[in-house]
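Trainee: My questions all concern the structure below.
The values are calculated or read from the model by the stated rules, or taken from the named source; none is laboratory data. Here the structure is a predicted model, which is why all the values come from computation and not from measurement. When we count neighbours, we look across all protein chains shown, and the Cβ atoms used for this are built from the backbone with ideal geometry, even at glycine.
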Amino acid sequence: MFNLSDYGWNSFFENNFQSNKNKDFIPARVTVENKNNFLLFCEHGEITGEISGKLMYGSESQSDLPKVGDWVLINYFDKNSPAIIHEVLPRVTKLSRKIAGIKTEEQVIAANIDIIFIVQSLDSTFNTNRIERYLVAAVDSGAKPVVVLSKSDLNNDFEEINKKLVTIQKRAKILFSSSYLNEGIEKIRKFIRPGLTCALIGPSGAGKSTMINKLIGDDILPTREVRTTDNRGRHTTTKRELILLPEGGLIIDTPGMRELQLWTDSNSLNSAFPEIDNLSLKCRYSDCSHIHEKNCAVIEAVEKGILPESSYDNYLKMHKELKYLERRMDYQAAQKEKKKWISIGKEMKRFNKLNNR
Ligand SMILES: Nc1nc2c(ncn2[C@@H]2O[C@H](COP(=O)(O)OP(=O)(O)OP(=O)(O)O)[C@@H](O)[C@H]2O)c(=O)[nH]1
Ligand SMILES: [Mg+2]
Ligand SMILES: [Zn+2]
């Protein structure tokens, strides 16, 4: 018999499972989402599964469908036939972004994660604004964020880097690592425990899969060829995958993201910028936008050099982006409502016609 708790099963999921009326269902965790099926782990070991028609067509949005890390309820038949996935159990945490492109829709990257390692390499692509952006998504997910600065063998100017990290240091633990030199891997391992789920996120080429191979002690995940220096348009990891580590603990590898578009509301942004959140309590106006108001504590902090200008600019940029997202969502909700009333109107007309015959 396989142990579900090794895969992160706990009392929260157990309670939700127990309250389900269908006693033929058993729980399983999604380890891989393929185009047409899922890889799952359940009491019978690793199996494949497919979504029931009811779940597929009854879900309001894509984000309600099973994602890597989800616990689902399935009908298991035997090792050789795919199980049927009927339900997704409530999520404890979920990491989301806006789907790439112009559509205003949520994409759940992974569910039920305890720790998110934000991986950013210390090569020429190093960018603190990007780390801050990842932090917003990570904090919003409900998981604990840890920043991992990889490829430390490529950069010796730690004084300069530490200067750039002053604000981020206040928000998350920062680890330095080099998979090539086998440095920092043990510090990452310290966060991992049996039953806990970690995920690695970050740009393509940051060294996420290489790091997981180091943690496993075996090259099971494909990594980019060393000779390829072009960072653009190449994703070595193409799907999210939940892996059970030999010493216990679970880790999710994710494909690098070219751009992480946020999926949250502008109020939540402040949770990821606690120093701005604290300062804003001292602004004269409670709805201060921190852009042009008089007696704005945030602007004053920038002027005094207490708050780095780059962090302030980044905050405003993301705030604007989230305000735009909110307007798009309001618009979409209004359009949906309008459609509903048009169809009700049509129904009424038809009804009246029938009655007047
Ligand atoms: N110098 C140096 N290079 C590294 C290190 N770790 C990984 N690399 C190299 O960086 C490149 C990208 O590594 P991957 O592990 O494939 O990166 P990834 O983040 O998984 O990339 P995607 O799967 O595309 O998201 C490879 O050529 C690795 O050999 C390191 O510690 N130092
Ligand atoms: Mg990879
Ligand atoms: Zn202000």
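Trainee: Out of the residues in the range 265-285 that are closer than 18 Å to Pro308 by Cα and of a type in the set (Gly, Ala, Ser), state the one that is nearest to ligand 1 (Cβ to nearest atom).
Mentor: Across the range 265-285, the extreme among qualifying residues is Ala272.
Trainee: Give the residue, chosen from Ile220, Ile291, Ile216, Ile276, that is free of Cβ contacts under 8 Å to residues at least 60 places away in the same chain, surrounded by fewer than 17 Cβ atoms within 10 Å (Cβ to Cβ) and more than 24 Å from Arg29 (Cα to Cα).
Mentor: Ile291
Trainee: Which residue pairs have Cβ atoms closer than 7 Å, lie 6 or more positions apart in sequence or on different chains, and pair a first residue in the range 1-22 that is under 15 Å from Glu247 (Cα atoms) with a second residue that is of a type in the set (A, V, I, L, M) and outside any helix (DSSP H, G or I)?
Mentor: Asp6/Leu244; Tyr7/Leu244; Tyr7/Leu250; Gly8/Leu250
Trainee: Just to be sure I understand, how many residues within the range 179-210 are touching a strand residue (DSSP E or B) at 6+ places or on another chain (Cβ under 7 Å) and more than 16 Å from ligand 2 (Cβ to nearest atom)?
Mentor: Final tally of qualifying residues: 6.
Trainee: Can you find, within the range 17-36, the residue that is surrounded by the fewest Cβ atoms within 10 Å (Cβ to Cβ) among those that are among the polar types (S, T, N, Q), touching a strand residue (DSSP E or B) at 6+ places or on another chain (Cβ under 8 Å) and within 15 Å of Glu87 (Cα to Cα)?
Mentor: Selected residue: Asn22.
Trainee: So, one more: What is the residue count in the range 211-228 for residues that are within 16 Å of ligand 2 (Cβ to nearest atom) and either over 22 Å from Ile131 (Cβ atoms) or of a type in the set (S, T, N, Q) (or both)?
Mentor: 11
Condition check ((1) farther than 18 Å from Gln261 by Cα; (2) surrounded by 15 or more Cβ atoms within 10 Å (Cβ to Cβ); (3) touching a residue at least 24 places away in the same chain (Cβ under 8 Å)) across all residues:
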position: Ala111; (1), (2), (3): no, yes, yes
position: Gln120; (1), (2), (3): no, yes, yes
position: Thr125; (1), (2), (3): yes, no, yes
position: Val147; (1), (2), (3): yes, yes, yes
position: Asn156; (1), (2), (3): yes, no, no
position: Leu165; (1), (2), (3): yes, yes, yes
position: Ile174; (1), (2), (3): yes, yes, yes
position: Gly184; (1), (2), (3): yes, yes, yes
position: Ile192; (1), (2), (3): yes, yes, yes
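Trainee: Applying the selection to the range 243-270, what residues are away from ligand 2 (no atom under 16 Å from the Cβ) and among the small types (Gly, Ala, Ser)?
Mentor: Listed by number, the residues that qualify are Gly248, Gly249, Ser266, Ser268.
Trainee: Something else: Can you tell me which residues in the range 325-342 are in contact (Cβ under 8 Å) with a residue 60 or more places away in the chain and of a type in the set (Phe, Trp, Tyr)? Quick ask: steps written out before the conclusion?
Mentor: Taking the range 325-342 first, the residues in contact (Cβ under 8 Å) with a residue 60 or more places away in the chain are 325-326, 328-329, 332.
Those that are in contact (Cβ under 8 Å) with a residue 60 or more places away in the chain and of a type in the set (Phe, Trp, Tyr): none in the range 325-342.
Trainee: Looking only at the range 277-302, which residues are among the small types (Gly, Ala, Ser) and within 21 Å of Arg171 (Cβ to Cβ)?
Mentor: Listed by number, the residues that qualify are Ser280, Ala297, Ala301.
Trainee: Let me spell it out: the conditions are (1) modelled with pLDDT under 95; (2) assigned to a loop (DSSP other than H, G, I, E, B), and Arg284 meets all of them except one. Which number is the exception?
Mentor: Every listed condition holds for Arg284 apart from (1).
Trainee: Here is a follow-up. Take Val72 and decide whether it is hydrophobic (A, V, I, L, M, F, W, C) and part of a strand (DSSP E or B).
Mentor: Yes, satisfied.
Trainee: Return the total of residues in the range 286-330 being under 25 Å from Thr128 (Cα atoms) and either charged (D, E, K, R) or within 16 Å of ligand 1 (Cβ to nearest atom) (or both).
Mentor: Adding up the residues that qualify gives 9.
Trainee: Free of Cβ contacts under 8 Å to residues at least 12 places away in the same chain and either among the hydrophobic types (A, V, I, L, M, F, W, C) or surrounded by 13 or more Cβ atoms within 10 Å (Cβ to Cβ) (or both): does that describe Ser59?
Mentor: So Ser59 fits the description; yes.
Trainee: Taking the options Ala111, Ala137, name whichever one is of a type in the set (A, V, I, L, M), at pLDDT 95 or above, under 21 Å from Lys317 (Cα atoms) and away from ligand 2 (no atom under 16 Å from the Cβ). Steps first, answer last, please.
Mentor: Numbers: Ala111 fails: under 21 Å from Lys317 (Cα atoms).
Of Ala111, Ala137, the one residue that is of a type in the set (A, V, I, L, M), at pLDDT 95 or above, under 21 Å from Lys317 (Cα atoms) and away from ligand 2 (no atom under 16 Å from the Cβ) is Ala137.
Trainee: Go through the range 95-120 and count every residue that is touching a Pro at 6+ places or on another chain (Cβ under 7 Å) and of a type in the set (D, E, K, R).
Mentor: Number satisfying all stated conditions: 0.
Trainee: Taking into account only those residues within the range 94-109 that are assigned to a loop (DSSP other than H, G, I, E, B) and either under 9 Å from the mean Cα position of the chain (by Cα) or not hydroxyl-bearing (Ser, Thr, Tyr) (or both), which is surrounded by the most Cβ atoms within 10 Å (Cβ to Cβ)?
Mentor: Ile99
Trainee: Still on this model: Scan the range 287-306 residue by residue and report those that are assigned to a loop (DSSP other than H, G, I, E, B) and away from ligand 3 (no atom under 11 Å from the Cβ).
Mentor: Here is the first cut: in the range 287-306, the residues assigned to a loop (DSSP other than H, G, I, E, B) are 287-296, 304-306.
Correct list: Lys304, Gly305, Ile306.
Trainee: Test Cys296 against the criterion of being free of Cβ contacts under 8 Å to residues at least 12 places away in the same chain, surrounded by 10 or more Cβ atoms within 10 Å (Cβ to Cβ) and farther than 30 Å from Tyr7 by Cα, and give yes or no.
Mentor: No; evaluated as a whole, the condition is false for this residue.
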